[in-house]
Amino acid sequence: MSGKVYLIGAGPGDPGLLTLRGKELLEKANVVVYDRLVSPAILGFCSPKAKMVDVGKMPTHHKVKQSEINKLLVQYAGEYPSGVIVRLKGGDPFVFGRGGEEAIELVAAGVEFEVVPGITSAIAVPAYAGIPVSHRGIATSFHVVTGHEKCDVTLNEAKDQDSKFSLDFEALARCPGTLIFLMGIANMDFIARRLLECGKDPKTPLAFIEKGTTPYQRTVMATLETAGEVIARENVTAPAITIMGGVVELGSSLAWKKNLPLSGKRLVVTRAAKQASGISARLSALGAEVVETPMIETRTLECPYAIPAHSTGSGQAPAGISFDDLVNFDLLAFTSVNGVESFFTQLIASGRDVRELAGKKIASVGKITEKKLLERGIRCDYVPEDHTGEGLGKLLAEKSTACELDESRILLLQGNLADDTLLNLLPRATRWVVYETLPVAELQEWKKDAVASADAVVFASTSAVENFVKSMPQKRPHTSFCIGRMTESAACKHGFETVVSDETTMDSLAKKIVEYYS
Ligand code: SAH
């Protein structure tokens, strides 16, 4: 039983344009053989366990020959019986993607395969620039053409050899529909001159759209007669498509993809995968390209254990606890979202439910944790104004001094790496460790590349900073955006330029990032 190969179209760049089927298969894939144009955000859907094979073709040289890619697919299908082998390509696999050749090879080798179409750049990239490829009264057809053929001949030679070209310039010049050229930037001077010679109107409007649908999208307008000159002057580079025809003029009024405040910025988000989506979605909506690179993983313990005061790392055996002990506490203090989630998971697993908390006071370190508690139907009684552990400790200590609380009946629910700040301020309180923080395994190569070229990195904890520095000892972004003063000082210690949010919320951080880049 050999594995099955899936030829998947990744779409033109925006990860939101990957199909549901494509995403589902990427999450399951054992092997992913991918191209240069596939964005890191899409590679991020793959399981960290998947084998990632970069066969990306650079514009000037082929990294891995097509025949070798074909062989690789057959080889992996053999190596992973019943496995999911993904061949991931930019746009649609059958639009100038050589997907057909790969499929033929798979049939010949008797390997089962499926094609998952993708949104082709030929249509989506103009759409993101506000150019409809067809439009009533302007263009009744559109033609997608490769501009890659024959780049090494002079104009005169070309005229002689016209019959050998697969492109029929006479027909293209006569065609009243929209012309869309893929891979044509390097040859555009030549293509434009051939079209002019064949009688196409020199004033035909034309647009080059570079890195369409990504945060780096750029549209450059020209006409058929100025095409070559504009490419050189504006330094239009691949990947770009060229679109020609009357529809191009609609782009000036229909361009809907605004220049967002974080356009053109690649940001690394280091939060644990479970928590990254909130901040990532916010930064993407502001126009940034986000590379999620979790540096820590949190794991809910099966059952919490208690650590007596001042014993972190002292080797003292942790004391086992029973949820029956909850009766000994009047106040539960949560210092993170993980703490909330892990505590409730354990509570339910122990056969109990939220009624165990009836009558107890609840404290939270900050707004995000408070919100998480509210989602579970629990309002907080105490939240410090500064949203720090120290603030929380001081607040609860004050309330104890004022006899509003009994310090010895305070329970702190924390992770194994929590420092002693709270216990130092509340020495008679009890601490339960409800989750563990573990560093994630080594970063995959593709991620290291994506991170190395990023503009900045977002840190939300000191352990994320420490693990990031360990995984990326050399090439890493200079700027860091931090949540929390402790995180900031850890980043500073490792030589990052630091920008810290005013509040420990994602909104506040996103605001700071926008301010920094504006
Ligand atoms: N199968 C792909 C095309 C592969 S050929 C598809 O369906 O889109 C590669 C060419 O596609 C590039 O040279 C460029 O012309 C175009 N292209 C792909 N992604 C692009 C993007 N995000 N912006 C502009 N052009 C793109």
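The values are calculated or read from the model by the stated rules, or taken from the named source; none is laboratory data. Since we're looking at a predicted model, the values are computed, not measured. Please note: Cβ atoms are built from the backbone with ideal geometry, for glycine as well, and neighbour counts cover all protein chains shown.
Of note:
- The listed residue being touching a residue at least 60 places away in the same chain (Cβ under 8 Å), within 13 Å of the ligand (Cβ to nearest atom) and either among the basic types (Lys, Arg) or not assigned by TED's automatic domain parsing to the domain that holds Trp446 (or both), out of Gly78, Gly56, Gly97, Gly83: Gly97
- Some residue of the stretch 144-154 being buried (at least 18 other Cβ atoms within 10 Å of the Cβ), within 28 Å of the chain's Cα centre (by Cα) and of a type outside the set (A, V, I, L, M): no
- Selection from the stretch 227-249 of residues that are of a type in the set (A, V, I, L, M) and within 11 Å of the ligand (Cβ to nearest atom): Val236, Ala238, Ala240, Ile241, Ile243
- Residue within the stretch 387-394 that is polar (S, T, N, Q) and under 23 Å from Thr298 (Cβ atoms) present: yes
- Screening Asn235 on (1) over 27 Å from Ile138 (Cβ atoms); (2) modelled with pLDDT under 95 shows it passes everything except condition (2).
- Restricting Lys361, Lys372 to those that are closer than 19 Å to Met506 by Cα, basic (Lys, Arg), buried (at least 19 other Cβ atoms within 10 Å of the Cβ) and not assigned by TED's automatic domain parsing to the domain that holds Thr487 reduces the list to Lys372.
A quick yes/no check of all residues on (1) more than 30 Å from Phe45 (Cα to Cα); (2) among the hydroxyl-bearing types (Ser, Thr, Tyr); (3) at pLDDT 90 or above:
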{"residue": "Met183", "(1), (2), (3)": "no, no, yes"}
{"residue": "Gly251", "(1), (2), (3)": "yes, no, yes"}
{"residue": "Lys265", "(1), (2), (3)": "no, no, yes"}
{"residue": "Val268", "(1), (2), (3)": "no, no, yes"}
{"residue": "Ala281", "(1), (2), (3)": "no, no, no"}
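- Taking the criterion of being without any contact (Cβ under 8 Å) to a residue 24 or more places away in the chain and within 16 Å of the ligand (Cβ to nearest atom), the only residue of the stretch 100-113 that qualifies is Gly100.
- Subset of the stretch 232-245 [in a helix (DSSP H, G or I) and buried (at least 22 other Cβ atoms within 10 Å of the Cβ)]: none
- Within the stretch 186-224, the set of residues being within 30 Å of Glu289 (Cα to Cα) and part of a loop (DSSP other than H, G, I, E, B) comprises Ala186, Asn187, Lys211, Gly212, Thr213, Thr214, Pro215, Tyr216, Gln217.
- Candidates Leu267, Leu224, Leu283, Leu206: the one that is away from the ligand (no atom under 15 Å from the Cβ), touching a strand residue (DSSP E or B) at 6+ places or on another chain (Cβ under 8 Å) and under 28 Å from Ile138 (Cβ atoms) is Leu224.
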